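Engineer: Dropping a structure here in structure tokens format, bear with me for questions.
All of the numbers you see were taken from the coordinates with simple rules; none came from a lab. Please read all numbers here as calculations on a predicted model, not as lab measurements. With ideal geometry, Cβ positions are generated from the backbone for all residues, glycine too; neighbour counts draw on all protein chains shown.
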Amino acid sequence: MASLIPYDPLVDTGFDDLFRGFFRPVRFEGRDTAVSIKMDVSEDDKVYTVHAEIPGVNKDDIHVTIEGNQVTVGAEVKREKDVKDGERVLRSERYYGSAYRSFTLPTEVDESSSKAKYDKGVLELKLAKKPTLTGKRLSVQ
């Protein structure tokens, strides 16, 4: 005869891990996880407009590289040590380090006509499109 096994619908479904996740620390001490740069990209006839969220960064620490139709945005977040005598840090969850993001656009970008502006944690790029060269038709003789 077969033995009966009690069935618990909450076991092995990940339901317990869901609630356990609420009480885990966001970041373990000494472990850096890269922060992704969140972006919105739109276009019109002449330019691509990129809005990238890079909070807590000085504008001098932001680097934008354009190679053809590939754009790379990088930023360096530096840790500021402002612990006073007799004070100790109980928890530190802010990210310090480098963040990079690359993406490819459908057409090449004209670096000389492109502009970048950083205000209130948002980098705005106006990337001018290179005019597409139309092929010249040769007559066959």
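Engineer: Any idea what % of Cα-Cα pairs in the stretch 60-110 are farther than 14 Å?
Structural biologist: More than 14 Å apart: 65 percent of the Cα pairs in the stretch 60-110.
Engineer: List the extent of the Cα atoms of the stretch 73-141 along each of their three principal axes, largest first, rounded to whole Å.
Structural biologist: 89, 19, 13
Engineer: Using the beta-carbon distance between residue 46 and residue 79 and R0 = 30 Å, what value does 1/(1 + (r/R0)^6) give for FRET efficiency, to the nearest 0.05?
Structural biologist: 0.15
Engineer: If each of residue 87 and residue 58 carries a label point 7 Å out from its Cα toward its Cβ, how far apart are those two points in nm?
Structural biologist: Those two pseudo-labels are separated by 2.0 nm.
Engineer: Here is a follow-up. Zone of residue 111 (label point 7 Å along Cα→Cβ, backbone N under 18 Å): which residues in the stretch 41-59?
Structural biologist: Backbone N within reach: 48.
Engineer: Under 5 Å between amide H atoms, partner at least 5 residues away or on a different chain: which partners does residue 108 have, H built in plane at 1.01 Å?
Structural biologist: 130
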